[in-house]
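One structure below.
Here, each number is a calculation from the coordinates, and none is a lab measurement. Keep in mind that what you see is a predicted model, and the values were worked out from it rather than measured. All Cβ positions, glycine included, derive from the backbone under ideal geometry; neighbour counts span all protein chains shown.
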Amino acid sequence: SAYTPIATTVPALRASRSARSSASGWPTASIEASTPRPPVPALTAFGMALSAAAFAHMATWSQTALSHDIEMLSLIAGGLGFGLAIAPVNAALLNHTADDVHGVASGMLIVARMVGMLLGVSALTTLGLRAFYRAAHAIPPVAELCGRPVACAAYRDALHEAGIAQLHAVFVGAAVCA
């Protein structure tokens, strides 16, 4: 048979797993087969719920939220939730397609996921910009707010609050979508 990277890599990985099993005294294949796995829909739903909760919490952030280390947990929870949602979908797809079309099926899933991400980013950008423009429109003119035609701290703070309104709209939209 002809040399291909896949034709030599897969047997090498299987041999490596077998060698690790023999060398360590642990029968990895039997452990993998006996490890209980949660059902794909439940794991995906849990991951998306975790992401939705993280985005809902992020929608309450103030200007100084990320100066508190505990707020990083929301970022971690959001990423973990998406990871828990993406992997089971890939596994379910591969479990329900023939081996000879795994590459095409995975590629189609990636394309579908990318199109969904583009549509989601577009929608969230629209929501965020609408919230920003609404909040910025409510800011009085610089001369009125600052008493002179030069931006002052009050004007900059009002612009920061408009930016926070934009982020709140994006995070609420992401929480609803998740």
Query raised in the report: For ALA158, what charge total do you get from the other residues with a beta carbon under 14 Å from its beta carbon, if Lys and Arg give +1 and Asp and Glu give -1?
Result: -1
Query - For the stretch 37-49, Karplus couplings with θ = phi - 60° (6.51, -1.76, 1.60), whole Hz, Gly/Pro x - result: 10, x, x, 4, x, 5, 5, 5, 4, 5, x, 5, 5
